[in-house]
Amino acid sequence: QVQLVESGGGLVQPGGSLRLSCVVSGINFSAYAMGWYRQAPGQQRELVASIGSFSFIEPKLADSVKGRFTISRANAENTVYLQMNNLKPEDSAVYYCNRPTSPWANWGQGTQVTVAS
């Protein structure tokens, strides 16, 4: 069974930066595309970034984060990252990692990102 462990969230000032990490175990990580989702209170979960199995494939970003966020992966470490720059209060949410298509049913605990002054 796949295990997803997100980390790196916290309280950040508007305009600040944060890097989230997701460690994946239980599967051949390099064989799967990966993505980052976020869910704010009262909102549905949305996919904000995705990256394919091969690093030369251009990652996809939601319009709301394009130009500010970057997704990357380190296959040797079974880890996918989300670099978040110029953070805004509307970025506040719990962030999760999972496959961008056919996501695994067992979501991780997520990591809380709060952008506030």
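The values are calculated or read from the model by the stated rules, or taken from the named source; none is laboratory data. For clarity, every value in this text was computed on a predicted model and none was experimentally measured. Note that we place each Cβ from the backbone using ideal geometry, even for glycine, and neighbour counts take in every protein chain shown. What goes into the accessible areas is simple: the full protein's heavy atoms, side chains included, and nothing from ligands, DNA or RNA. Shrake-Rupley method; radii C 1.70, N 1.55, O 1.52, S 1.80 Å.
Observations, loosely collected:
- The residues of the range 33-63 that are out of contact with any Gly (no Cβ under 7 Å at 6 or more places or on another chain), closer than 19 Å to Thr111 by Cα, of a type in the set (S, T, N, Q) and touching a residue at least 12 places away in the same chain (Cβ under 8 Å), listed by number, are Gln39, Gln43.
- Residue match in the range 58-78 (condition: under 16 Å from Val115 (Cβ atoms) and touching a Ser or Thr at 6+ places or on another chain (Cβ under 8 Å)): no
- Checking each residue in the range 7-51 for being part of a loop (DSSP other than H, G, I, E, B) and open to solvent by less than 50 Å² (accessible area, probe 1.4 Å) picks out Gly8, Gly9, Gly15, Gly16, Ile27, Ala33, Ala40.
- Residue list for the range 6-31, filter: at pLDDT 95 or above and farther than 25 Å from Thr114 by Cβ: Ser25, Gly26
- Flag for Gly110 being within 10 Å of the chain's Cα centre (by Cα) and either farther than 13 Å from Arg38 by Cβ or modelled with pLDDT of 95 or more (or both): yes
- The condition of being in contact with a Gly (Cβ under 8 Å, 6 or more places away or on another chain), open to solvent by less than 30 Å² (accessible area, probe 1.4 Å) and in a loop (DSSP other than H, G, I, E, B) holds for Leu87.
- Top-ranked residue of the range 52-71 - restricted to ones that are polar (S, T, N, Q) and at pLDDT 95 or above, ranked as least open to solvent (accessible area, probe 1.4 Å): Ser64
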